Amino acid sequence: MNYRDIIGYSDKQPKKKIVKKRKPSVTEGLKKEFGDTINEGPAYEFAKEYKNLEKLQEEYYKAMVAFARKIGGKGFRKEAKHLERYYNKFVRFGWKEYLDDLYRKLQ
């Protein structure tokens, strides 16, 4: 005796259709609030060049580290440490901070 048939349940339950509500994107919300045109500032136009500068700085850092390791391995450890300190002081922190400040001002 099949109790499911007696109670009224069939073997296959009908699947309920679930309709997900789409949340409005942030851009749509901003368009409603401020109008159709959104000015993102000139920083958006310079994003590609900024990324290129960051990539080049990473390559420059890798080349400097390779050079410092090479001269450090040849017995010039003091000079290698001095090179790394000089890079960190002027290039890594000085130039990078200046570039980031400039980019923030453009936004």
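The values are calculated or read from the model by the stated rules, or taken from the named source; none is laboratory data. All values derive from a computational prediction rather than experimental measurement. Glycine gets a Cβ as well: all are built from the backbone with ideal geometry, and neighbour counts include every protein chain shown.
In region 81-107, the residues that are among the charged types (D, E, K, R) reach residues that are surrounded by 12 or more Cβ atoms within 10 Å (Cβ to Cβ) with C-beta atoms within less than 6 angstrom, at least six apart or across chains, in these pairs: GLU84/ALA68. The test for being of a type outside the set (Asp, Glu), loosely packed, with under 10 Cβ neighbours inside 10 Å and either part of a helix (DSSP H, G or I) or under 23 Å from the mean Cα position of the chain (by Cα) (or both) holds for ARG104.
When region 3-48 is limited to residues that are β-branched (Val, Ile, Thr), part of a loop (DSSP other than H, G, I, E, B) and at pLDDT 70 or above, the one that is nearest to GLN107 (Cα to Cα) turns out to be VAL19.
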